[in-house]
Amino acid sequence: SKEFFQLIIAELFNPNYGMFVDIEDTRMLWFNPQSFEVDHNYKLIGMLLGLAVYNNIILDIRFPTVLYQKLMGEQSDIRDLILTHPLLGSSLQQLLDYPDEDVEEVFMLDFVASTTGLFGETITHHLVEGGDEIPVTSDNKHEFVSKYVDYVLNTSVSKQFDQFKKGFDMVASHSPLKSWFRPEELEKLIVGTHKLDFKALQTVARYDNGYTADSDVVKWFWEVTHAMTDEDKSKLLAFSTGCGRAPVGGMSEMNFIVVKNGGDSERLPTAHTCFNVLLLPEYSSKDKLKSKLFSAIQHFEGFGMI
């Protein structure tokens, strides 16, 4: 089910396992080059992404677009590094844009890349043999930047990414993904879109077990929903469907059902996330519905879902 995918992905991406790191500039996730995890754990995550595509399930993960470019076999460049590691990428772009000949004196760089280890120590990687003795100049700065980008996005995480891709390809290699979709489209297939149009969802919503579009509780529900912030709308969608993003075709493509779940009650709303079904008791007032609904969506993970 979608809830199963969401919970297992959340567990595998738990920072305590150290398989991925948060890129501080963007809050995106990237492979941890210092990870002690065994290869098959990365392969498992790749398989889960492939299965999510196969089963049309949207996942709440925060990979940069360059990951999907790599899955599709496309090359990376400085533009991708700027999007994934903005501070580092911008610094390297400044080097490329520097117009004068005194690059060596101004930037004082050698052909090495530095990263931070698990215990805060600095780890130095030679971009070329003897790189610590080769200064970066106006003549070789393009080569330096190219090798630095390749190291950060490819070489330093090749062991982790290769297993991840192997798992993904085990599921998706026989599908037309690579011939039909661009990387950004594959990304949307897996993680959906942040554009949440609940008015479009209202037009396709269905009702059951005594509710209709004219029921007071249903009218209150949509009034409360349309007044929500984008963050709360995302939480409501996640509570009801297992994911806080909309599918590629928009919310008008979704199947969404609001079901009457008994009379007035102190119980919170619940949901069948596998079927996009929201179960609402027939609350006696709009304020009560709002209070119960907000309580439910603020504390929903693994609870209140069936």
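Some notes on this structure:
- Accessible area per residue for segment 1-96 is 49 Å², calculated with a 1.4 Å probe on protein heavy atoms, without ligands, DNA or RNA.
- Positive dipole terminus of the chain, leading residue within 29, 176, 78 (C-beta point charges): 176
- Using the 1.4 Å probe convention, the accessible area of segment 151-302 works out to 49 Å² per residue with neighbouring protein chains retained.
- Longest to shortest principal axis, alpha-carbon extents of segment 1-91, angstrom: 43, 28, 21
- Our note on the geometry: Cα centres of segment 3-48 and segment 263-277, 31 Å apart.
- From its DSSP helices (H runs of at least four residues, each -39,500 (n - 2.57)), the chain gives a residue-normalised ellipticity at 222 nm of -13500 deg cm²/dmol.
- D_trans [Stokes-Einstein, Kirkwood Rh over alpha-carbon pairs] for segment 98-143, 37 °C, 0.692 mPa s, µm² s⁻¹: 283 µm²/s
- 3J(HN,Hα) along segment 204-211: 10, 5, 10, 9, 8, 6, x, 8 Hz, from the Karplus curve 6.51 cos²θ - 1.76 cosθ + 1.60 with θ = phi - 60°, whole Hz, x for Gly and Pro.
- Gap separating the Cα centres of segment 122-171 and segment 219-250, nearest whole Å: 41 Å
- Along the axis of the charge dipole computed for the chain (Cβ charges of +1 for Lys and Arg, -1 for Asp and Glu, origin at the Cα centre), the listed residues 154, 20, 200 are led at the positive end by 200.
- Here the mean projected area of the convex hull built on the C-alpha positions of segment 158-205 is 5.2 nm².
- Under Stokes-Einstein, with the Kirkwood radius over Cα pairs as Rh, the value for the chain at 4 °C and 1.567 mPa s is 59 µm²/s.
- Straight-distance candidates among the lysines for linking to residue 43, with alpha-carbon spacing under 18 Å and chain neighbours fewer than 8 residues away dropped: 70, 159, 165, 166.
- Rounded to the nearest 20, the Cβ-based charge dipole of the chain about its Cα centre (Lys and Arg +1, Asp and Glu -1) stands at 2060 debye.
- Placing +1 on the Cβ of every Lys and Arg and -1 on the Cβ of every Asp and Glu, with nothing else charged, gives segment 142-254 a dipole about its Cα centre of roughly 340 debye.
- Taking all Cα-Cα distances within segment 145-269, those exceeding 25 Å account for 47%.
- Element breakdown for the chain at a 1.4 angstrom probe: carbon and sulfur atoms account for 51% of the accessible area.
- Selection among 46, 252, 218 by position relative to the dipole of the chain gives 218 as farthest towards the positive end (Cβ unit charges, Cα centre).
The values are calculated or read from the model by the stated rules, or taken from the named source; none is laboratory data. Keep in mind the model is a prediction, meaning the values are calculated, not measured. Backbone-built Cβ (ideal geometry, glycine too); neighbour counts: all protein chains shown. For accessibility, only protein heavy atoms count, side chains too; no ligands or nucleic acids. Shrake-Rupley method; radii C 1.70, N 1.55, O 1.52, S 1.80 Å.
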